[in-house]
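**Q** Take a look at the following structure, please.
The values are calculated or read from the model by the stated rules, or taken from the named source; none is laboratory data. The shown structure was predicted, so the numbers you read here are calculated from the model rather than taken from an experiment. Cβ: placed from backbone, ideal geometry, glycine included. Neighbour counts: every protein chain shown.
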């Protein structure tokens, strides 16, 4: 399987590394301790504490594996627009739609947080904005029809 790059800002990389460290050094040992305690209660067939602990362990181990995969080949994205003044990974874009303005930073999918203004370059809005410049319109296809965004500023 070919290695896939994970596009991250420096802040996004630091955040994922901190999360991985917390999971390995704090959460994983806490879950293991809960499992040992639950085993001490005896009969595992009807031990809900044991079952809950094993389920939590599976979630923690799954997230650790996902983070390790994401951090295998990180590509740092520099903030700003592309050299030709177009929206690219790392760009902060302010768009106007229906009389209101919204700002987004274009990031890789691993650190996307739409509520926090970080949208993935693979999202419909992100894809529509990539390669556009200030004053350009980006059209996003939605189930309710096409939505037009006008790029007000780009940095």
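Residues checked against (1) outside the structural domain of residue 150 (by TED's automatic domain parsing); (2) free of Cβ contacts under 8 Å to residues at least 60 places away in the same chain; (3) within 12 Å of residue 8 (Cα to Cα):
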{"site": "90", "(1), (2), (3)": "no, no, yes"}
{"site": "97", "(1), (2), (3)": "no, yes, no"}
{"site": "100", "(1), (2), (3)": "no, yes, no"}
{"site": "110", "(1), (2), (3)": "no, no, yes"}
{"site": "113", "(1), (2), (3)": "no, yes, no"}
{"site": "117", "(1), (2), (3)": "no, yes, no"}
{"site": "120", "(1), (2), (3)": "no, yes, yes"}
{"site": "126", "(1), (2), (3)": "no, yes, no"}
{"site": "132", "(1), (2), (3)": "no, yes, no"}
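**Q** Go through (1) on the phi > 0 side of the Ramachandran plot; (2) not assigned by TED's automatic domain parsing to the domain that holds residue 109 and name the single condition residue 85 misses.
**A** All conditions pass for residue 85, except number (2).
**Q** For segment 38-54, which positions are out of contact with any helix residue (DSSP H, G or I) (no Cβ under 6 Å at 6 or more places or on another chain) and under 25 Å from residue 65 (Cα atoms)?
**A** 51, 52, 54 - these are the residues of segment 38-54 that are out of contact with any helix residue (DSSP H, G or I) (no Cβ under 6 Å at 6 or more places or on another chain) and under 25 Å from residue 65 (Cα atoms).
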